[in-house]
Amino acid sequence: MLRLDTRFLPGFGEALRQNTPRLLEARSTLLARKGEPGAMLGWLDLPEDTETLRLIRRYREANPWVEDFVHIGIGGSALGPKALEAAFGDGRVRFHFVDHVEPEPLRALLARLDPGKTLVNVVSKSGATAETLAAFLLFLRWLEEALGEGWRRHVAVTTDPQKGPLRAFAEREGLASFPIPEEVGGRFSVLSPVGLLPLAFAGVDLEALLAGARKANAQAQGPLEEALPLHTALLQDLHRERPISVFMVYSERLKHLPFWFVQLHSESLGKRDREGRRVGTTALPALGPQDQHAQVQLFREGPPDKLIALVIPEHPVEDLEIPKAEGLEAAAYLQGKTFHRLLRAEAEATYQALAEADQRVYALYLERVDPYGVGWLLQHLMWQTALLGELWGVNAFDQPGVELGKALTRALLG
């Protein structure tokens with residue numbers, strides 16, 4: 001279960017009533033484009049794609065020899081699976097996310113891998129991302145030199161279903177390949193083969209992950225009082241004059257999730273609107289309780305320029321009791337409590353402290369940090385982002401600034 005708490009924003013109920021027409025129009029406008037070529041709303045259907053799930057499961061079962069999984073991709077091609085593997089991976093396969101081009105870490109990684117036990121998965125929707133292609137060329141040569149003609153068994157390609165250089169390469173060489181649906185953009189692709197293939201090798205419960213996402217879909221399209229993504233989109237919209245949107249999770253297992261959210265929010269919404277005005281808020285990642293000792297001082301007593309969203313687990317999947325010890329009286333208030341109780345107390349204390357300092361803060365309570373709950377949260381945040389695009393008058397599914405950077409990189413290397 002995912003639930004919204006706005007106890008420290010007492011005017012939100014009235015704001016929701018006043019903005020009901022805008023919210024319903026935004027949702028209606030978004031859904032009216034579903035199915036149109038180029039609308040990029042294919043992410044809405046990913047939780048129902050059981051055929052792709054079966055294809056991925058069969059591939060995993062056919063390759064039990066994999067001990068190391070190298071995932072080559074960047075941005076939306078890596079951030080989601082990286083976050084979920086860290087949260088739920090069973091450890092039987094070691095994961096290496098190559099989302100950089102710094103030579104020293106690449107050399108060190110190659111030196112410690114056994115090519116005969118390594119699967120290299122290259123991920124790029126366009127098939128032309130410079131960082132991804134450079135790293136793939138390096139690993140391709142490494143496999144060819146070590147395995148000869150047997151290298152093909154050790155490569156999987158996740159890319160556009162029909163076009164692009166990686167698609168052509170996979171077909172020419174007869175490689176295992178998985179399609180990123182044409183109407184799914186990179187930062188909305190975590191529930192496509194971009195995320196599902198590595199997560200299958202990580203031992204993640206994919207059925208539960210997709211079931212949670214289906215729940216978010218149903219909720220988003222339900223009555224306004226139950227449509228949680230419309231509520232959080234409105235919260236973001238009401239505070240758009242605050243230039244920073246903090247996303248703080250109280251879960252060590254979800255420590256990479258805020259970085260996935262940063263890309264989703266920033267690349268989708270930081271643009272010029274239909275009137276040519278620059279819009280968007282700067283997403284800032286934070287992790288509790290670590291950032292209580294790093295950033296919360298600023299969040300509480302610094303400038304009132306932030307909207308802070310806390311993600312707080314309500315129950316543990318498993319818990320530990322804090323032991324008792326003689327002679328350590330300073331820890332007496334902790335002894336006999338559980339670690340989850342301590343985590344929850346710290347989250348609630350931060351929530352209250354921020355509110356008492358008149359900072360704008362709300363909480364999303366996640367019943368448990370499990371695949372079902374996190375699948376729900378991921379799809380919820382994608383809905384929130386898409387709806388904000390409608391409210392702010394921007395196309396949430398393109399990235400003209402990113403494309404300019406790619407073009408300039410190619411020119412500088414040309």
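The values are calculated or read from the model by the stated rules, or taken from the named source; none is laboratory data. None of these values were measured; they are calculated from a predicted model. Positions of Cβ are backbone-derived with ideal geometry, glycine not excepted, and every protein chain shown enters the neighbour counts. Ligands, DNA and RNA are stripped out before the accessible areas are found, and what is left, the full protein with its side chains, is counted by its heavy atoms. Shrake-Rupley method; radii C 1.70, N 1.55, O 1.52, S 1.80 Å.
Size descriptors for region 1-109: radius of gyration and Dmax over Cα atoms are 21.1, 58 Å. Toward the positive end of the charge dipole of the chain, with +1 on the Cβ of Lys and Arg and -1 on the Cβ of Asp and Glu, the farthest Cα among L235, G375, I74 is that of I74. For the chain, relative contact order (Cα pairs under 8 Å, six or more residues apart, normalised by length) works out to 22 percent. Which of the three applies to region 335-381, rounded, prolate or oblate, going by the alpha-carbon gyration tensor with a ≥ b ≥ c and a/c under 1.5 meaning rounded? Because a/c hits 1.5 or more and a/b fails to exceed b/c, region 335-381 counts as oblate. For the peptides 225-235, 273-283, 338-348, 358-368, the ranking by packing is 225-235, 358-368, 338-348, 273-283, with the highest mean count of neighbouring Cβ atoms within 10 Å listed first.
List the relative contact order of region 69-115 as a percent without decimals, with contacts defined as Cα pairs under 8 Å and 6+ residues apart. The partial results should precede the final answer.
Values: 28 pairs, mean separation 22.8, N = 47.
Worked out over region 69-115, it gives 48 percent.
Note on K215: aspartates and glutamates with a C-alpha under 17 Å away, same-chain residues under 8 apart excluded, are D45, E48, D49, D205, E207, E225, E226, E367, D370.
For region 34-180, the number of Lys pairs separated by eight or more positions or lying on different chains, with C-alpha atoms closer than 21 Å, is 4. If R0 is 25 Å, the Cβ-Cβ spacing of K34 and E173 corresponds to a FRET efficiency of close to 0.10. The orientation-averaged projection of the convex hull spanning the C-alpha atoms of region 32-183 amounts to 9.7 square nanometres. By its C-alpha gyration tensor, with a ≥ b ≥ c as the square roots of the eigenvalues, how is region 1-64 shaped: rounded for a/c under 1.5, else prolate for a/b larger than b/c, else oblate? It is oblate, given that a/c is not under 1.5 and a/b is not larger than b/c.
From the square roots a ≥ b ≥ c of the eigenvalues of the alpha-carbon gyration tensor of region 256-364, which class results: rounded (a/c under 1.5), prolate (a/b over b/c), or oblate?
Details: a/c = 3.42, a/b = 2.24, b/c = 1.53.
Verdict is prolate for region 256-364.
What size of dipole, in debye to the nearest 20, comes out for the chain about its Cα centre when the only charges are +1 on Lys and Arg C-beta atoms and -1 on Asp and Glu C-beta atoms? The partial results should precede the final answer.
On the way: 46 positive and 54 negative charges, 144 e Å.
The calculation lands at about 700 debye.
Potential lengthening of the chain between R112 and D398 amounts to 99.1 nm, from the contour at 0.36 nm per residue minus the alpha-carbon distance. Between region 171-188 and region 135-161, the C-alpha centres lie 16 angstrom from each other. Provide Rg over Rh for the chain; use the alpha carbon set for both Rg and the Kirkwood Rh (inverse mean inverse pair distance). Taking Rg over the Kirkwood Rh, I get 0.98. In the chain, a dipole from Cβ-located charges (positive for Lys and Arg, negative for Asp and Glu) runs towards its positive end, and of P198, L133, G414 it is G414 whose Cα lies farthest in that direction. Between L24 and D205, the simple spin-label model (points 7 angstrom out along Cα→Cβ) gives 3.7 nm. Computed from the C-beta positions of R368 and R7 and an R0 of 25 Å, the FRET efficiency is 0.70 to the nearest 0.05.
Helix screen, the chain: DSSP H segments with Cα axial length of 24 Å or more and mean Kyte-Doolittle hydropathy at least -0.5 are 130-147, 339-356, 371-392. On a per residue basis, region 148-306 carries 39 Å² of accessible surface, using protein heavy atoms and a 1.4 Å probe.
In percent, rounded to a whole number, the relative contact order of region 49-174 is 26, using alpha-carbon pairs under 8 Å and six or more apart.
Quick one: in region 61-151, what % of C-alpha pairs are over 23 Å apart? Percentage above 23 Å: 22.
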